[in-house]
Ligand SMILES: [Zn+2]
């Protein structure tokens, strides 16, 4: 990958700590110096280093999405994700590192899952990536395999599911063992918190009553089901000392349940998703089965839940803003659930839209500062999963991953002009202000003014 030197000139550099006018000298894929043109020269920037004009722009560290499914075989139908389409879409949207989950619960063991994900990503991903390891059960063999992944591959995090029997859901006994292991090896444990027994029971009750449309998906997994999962997971985390990370918090009730454990568990971390902030359950109520386009879990909630999540994201109770990117086509995939909402594949895309939506509807709407956006969507994911300060900030020695955003201009999200290639976009019609003038990965401009400008498949695992 070519990483020629560049002088990023005239922008305002935004990190989690500060927002200051500054130029950057980048060379050999890293940031060499930050400051005035004189400071860059004093640091050794050669005369004649080509400039990249960032006047009027905010210069962000490359954004990191800590929760993406870029490869996901499922029992009924696989997500429309590949590392090729996910990473391209991510880069168009200012995200330079994605974090995926190695393992779907269908592979016979962890080494098989690990190598399947390697095959899916290597030479295919255009952005950098990082893996959490999915653990569905516990025994001596799992323990041996995990120890090797931690020691030899640098794994820092595990993913468990309380929901989704029989492929993914973990038993309470095994949950305890996984958390004990995580505590011993200082790993963060990400957990999907929904009760595995209540969801299918509620689904059956609704279906028997003839409530079969996508609008019944949310009532089958109400906030109390999520709050129960959060409470159980954090109870086990408190009992074992493991560091817990609650993925995709969607409701005020789950947020309040998590808050009760602050100070009683080590380093409580909470994540929410851009869709919970901007979309609500009226989407799934759209007529003629169109609501299936927004079926995902935990489900979209109410405006009151949105307000609670925005407030917690701004004040520091929620640590990260991700997507749970897991797109499906409407025709042929979402439509599998016609007549039975429990058969609608769960998930939507968003890896391309997350940051631009957060800039327009969060930062420009004064719900979140630009610095706080960097914190929740770049610095914190890097810190929590061991990539900081290589990723997640703009400082000498950091990777030259940059998202240079020009606040000028307006457009509307339309599936035809996004880059994922699915047959619909869940954010269709939402307005956006501004655009990315350039997105750089380790010094290489990958996207400039809406055009992909680099060879594909050059990402690396970090
Ligand atoms: Zn997920």
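Quick note: the coordinates plus some simple rules give every number you see, no bench work behind them. This one's a predicted model, so the numbers in the text were calculated from it and none came from an experiment. Counting neighbours? That spans all protein chains shown, and the Cβs are built from the backbone with ideal geometry, glycine included.
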(request) List the residues of the range 1-38 whose backbone N lies under 14 Å from a point placed 7 Å from the Cα of residue 55 along the Cα-to-Cβ direction. (result) 9-12
(request) Report, to the nearest 10°, how far helix 110-121 tilts away from the longest principal axis of the Cα atoms in the chain, using its own Cα long axis and a range of 0 to 90°. (result) 50
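Take every Cα-Cα pair in the range 224-371 and report what % of them are more than 28 Å apart. If you can, show how the numbers build up before the last one.
On the way: 2624 of 10878 pairs.
Percent of Cα pairs beyond 28 Å in the range 224-371: 24.
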(message) Over 24 Å apart: what share of the alpha carbon pairs of the range 139-283 falls there, rounded to a whole percent?
(response) 36
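Given the Cα-Cα distance of residue 184 and residue 340 and 0.36 nm per residue of separation, how much length would full extension add, in nm? Walk me through the numbers before you get to the answer.
Working: separation 156, 0.36 × 156 = 56.16 nm, distance 4.37 nm.
Net length gain for the segment: 51.8 nm.
If the convex hull of the alpha-carbon atoms of the range 383-438 is projected onto planes in all directions, what is the mean projected area in square nanometres? Please list the in-between numbers first.
Working: hull surface 23.1 nm².
Average of the hull's projected areas for the range 383-438 equals 5.8 nm².
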(request) Enumerate the whole-percent occupancy of each 5 Å bin, from 0 to the last occupied one, for all C-alpha pair distances of the range 153-203. (result) 5, 19, 27, 21, 13, 8, 4, 2, 0
(request) Mind grabbing the base-10 log of I(q)/I(0) for the range 131-172 at q = 0.17 Å⁻¹? Debye formula, identical points on the C-alpha positions, no solvent, two decimal places. (result) -0.48
(message) Along the Cα→Cβ direction, 7 angstrom out, place labels at residue 208 and residue 20. What is the inter-label distance in nm?
(response) 6.6
(request) Taking the chain as the reference, fit the longest principal axis to its C-alpha atoms, fit the long axis of helix 198-208 to the helix C-alpha atoms, and give the angle between the two in degrees, 0 to 90, nearest 10. (result) 60
(message) With a cut-off of 8 Å between alpha carbons and a minimum separation of six or more residues, what is the relative contact order of the range 272-349 in percent?
(response) 36
(message) Given bins 10 angstrom wide, list per bin the percent of all Cα-Cα distances in the range 326-410, short to long.
(response) 15, 31, 26, 21, 7, 1
(message) Residues of the range 50-81 with the amide nitrogen closer than 17 Å to a label point 7 Å from the Cα of residue 460, along Cα-to-Cβ, please.
(response) 62
(request) Could you work out the Rg to Rh ratio of the range 1-147, with Rh taken as the Kirkwood radius (inverse of the mean 1/r over all Cα pairs)? (result) 1.13
(message) With the crude spin-label approximation of a point 7 Å out along Cα→Cβ, what separation in nm comes out for residue 290 versus residue 173?
(response) 5.0
(message) Under 4 °C and 1.567 mPa s, how fast does the range 336-375 diffuse according to Stokes-Einstein, given a Kirkwood radius computed over C-alpha pairs? Answer in µm²/s, whole number.
(response) 105
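Give the value in nm², to one decimal: projected area of the alpha carbon convex hull of the range 1-69, averaged over all directions.
Numbers: hull surface 23.9 nm².
Value for the range 1-69: 6.0 nm².
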(message) Give me the extension gain from residue 77 to residue 448: residue separation times 0.36 nm, minus the current Cα-Cα distance, reported in nm with one decimal.
(response) 130.1 nm
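What length, rounded to one decimal in nm, is gained on full extension from residue 365 through to residue 256, with 0.36 nm per residue of separation minus their alpha-carbon distance?
On the way: separation 109, 0.36 × 109 = 39.24 nm, distance 2.51 nm.
Extra length available between residue 365 and residue 256 comes to 36.7 nm.
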(message) Taking a virtual spin label 7 Å from the Cα of residue 423 along the C-beta vector, which residues in the range 334-358 bring their backbone nitrogen under 17 Å of it?
(response) 334-339, 344-349
(message) Between 0 and 90 degrees, rounded to the nearest ten: what's the tilt of helix 172-185 against the longest Cα principal axis of the chain?
(response) 30
(request) Among DSSP beta bridges whose residues both lie in the chain, state the antiparallel percentage, nearest 5. (result) 50
(request) Determine the relative contact order of the chain: mean sequence separation of Cα pairs under 8 Å and six or more apart, normalised by residue count, in whole percent. (result) 22
(request) Could I have the simple spin-label model distance between residue 109 and residue 415, label points 7 Å from Cα toward Cβ, reported in nm to one decimal? (result) 4.3
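Ranked by Cβ crowding within 10 angstrom, fewest neighbours first, how are 172, 288, 53, 399 ordered?
Sorted ascending by nearby Cβ count, the order is 288, 172, 53, 399.
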(request) Stick to Cα atoms and the Kirkwood definition of Rh, then tell me Rg/Rh for the chain. (result) 0.96
